[in-house]
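Reading through the structure tokens given below for one structure.
Laboratory data are not the source of any read-out in this text; all were calculated from the coordinates shown. Everything numeric in this text was worked out from a predicted model, so none of it was measured. Don't worry about glycine lacking a Cβ; one is built from the backbone with ideal geometry, like all the others, and counts go over all protein chains shown.
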Amino acid sequence: MKTLLKVQNLCYKYPDNHEALKNINFEINHGEKIALVGANGSGKSTLLLILAGAMEQTDGKIFLSGSENSEFRRKKTGLIFQDADDQILMPSVIEDVAFSPVADGMNVNEAHELAAKILKSLWIEHLADRVPHKLSGGEKRMVTFAGTLASSPELLLLDEPTAALDPLGRWKVIKFLKDTQKAALLATHDLDIAREVCSSALIMSHGKIAAQGNLPEIFNDEKLLARYNLAAFD
Ligand SMILES: Nc1ncnc2c1ncn2[C@@H]1O[C@H](COP(=O)(O)OP(=O)(O)OP(=O)(O)O)[C@@H](O)[C@H]1O
Ligand SMILES: [Mg+2]
């Protein structure tokens, strides 16, 4: 399989000197879906923000399709933020979902058609004319998901995409992720979703990768999961 993303010795220190990422190394192949799991504060969101080009790493290299350019990464990755409110920009859902294609030069009518198609593919076409800020938490999350897909990313960077979703919303996201050919890095505390969607797993702990590899092998290792507070609490 061909490599899509390669991360080498990646480090990140927040301005207050907190070292959130320490020497991270891994690769994602085209079409591969990797679960990113680990305790609160282990560095999952920080990693996704840097991969998406929203923050610059302190050290190390990131290659997406061989390019180290962070502007290229901003265009080719689709980040779903942990907090949906950080991602909603426009006065109606349809405009919000059409925002990236329009910003990239697509004609507005065409972009609205594309947005309508994406809303339909996620079974949320009934939200098209609603005001995004007035939506419920789960509805907002589905809308940010649609907005991310509208920019046709090559790599999905998903930060807790099913948080706040009801069982039907959760099913929609899982179904979509299982069906899509796109590569994805999926940060989640929900190991069942990871099991359903991903073939590989990365466990993060205190800013480092504690384990990585084949998902069934990692998730069936009870001792490993317990060591990183992912299972067996008594
Ligand atoms: N703006 C910031 N300034 C300083 N430290 C930060 C900042 N944002 C996050 N951190 C710290 O960096 C570490 C990693 O945070 P991050 O949000 O990446 O964790 P996470 O794995 O996504 O956690 P969660 O499961 O709770 O979402 C934490 O210790 C956090 O306190
Ligand atoms: Mg997080």
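Students often get this wrong, so check it: of LYS61/LYS120; LYS140/LYS182; LYS33/LYS223; LYS13/LYS140; LYS140/LYS178, which have C-alpha atoms separated by over 29 Å? Violating the 29 Å limit, Cα to Cα: LYS61/LYS120; LYS13/LYS140. Here the Karplus relation 6.51 cos²θ - 1.76 cosθ + 1.60, evaluated at θ = phi - 60°, turns the backbone of the range 70-82 into coupling constants of 6, 5, 4, 5, 4, 6, 9, 10, x, 9, 9, 5, 4 Hz, with x for every Gly and Pro.
Between the amide H of SER200 and those of LYS33, ALA35, LEU215, distances stay under 5 Å, these residues lying 5 or more places away or on another chain, with hydrogens modeled in the peptide plane.
The ranking of ARG73, ARG227 from fewest to most other beta carbons within 10 Å of each one's beta carbon is ARG227, ARG73.
What is the local net charge at LEU215, summed over the other residues whose Cβ is closer than 13 Å to its Cβ (Lys, Arg +1; Asp, Glu -1)? Result for the neighbourhood of LEU215: -3.
If you take the Cα centroid of the range 65-86 and the Cα centroid of the range 5-42, the two points sit 14 Å apart. In sequence order, the range 2-15 has phi-based couplings of 7, 6, 9, 10, 10, 10, 10, 6, 6, 10, 9, 10, 5, x Hz under the Karplus curve 6.51 cos²θ - 1.76 cosθ + 1.60, θ = phi - 60°, and Gly or Pro positions carry x.
Once R0 is set to 35 Å, what does the formula 1/(1 + (r/R0)^6) return for the Cβ-Cβ distance between SER65 and ASN17, expressed as a FRET efficiency to the nearest 0.05? So the FRET efficiency works out to roughly 0.60. Evaluating 6.51 cos²θ - 1.76 cosθ + 1.60 at θ = phi - 60° for every residue in the range 201-209, the Karplus couplings come out as 9, 10, 9, 9, 8, 6, x, 10, 7 Hz, glycine and proline recorded as x. Positive contributions from Lys and Arg (+1) and negative ones from Asp and Glu (-1), summed over other residues with Cβ under 12 Å from the Cβ of LEU4, come out at +3. Among ASP104, ASP86, ASP16, the residue with the largest mean-square fluctuation in a Gaussian network model of the chain, with springs joining Cα atoms closer than 10 Å, is ASP16. Grouping the Cα pair distances of the range 3-227 into 10 Å bins from zero gives a pair-distance distribution of 8, 34, 36, 19, 3, 0 percent in increasing distance order.
Springs between Cα atoms under 10 Å define the GNM used for the chain, and in it the highest mean-square fluctuation of GLY53, GLY207, GLY41 occurs at GLY41.
Under a 10 Å cutoff between Cα atoms, tell me which one of ALA39, ALA103, ALA187 has the largest fluctuation in the Gaussian network model of the chain. Among ALA39, ALA103, ALA187, the largest GNM mean-square fluctuation belongs to ALA103. For VAL102, VAL93, the sequence from fewest to most other C-beta atoms within 10 Å is VAL102, VAL93.
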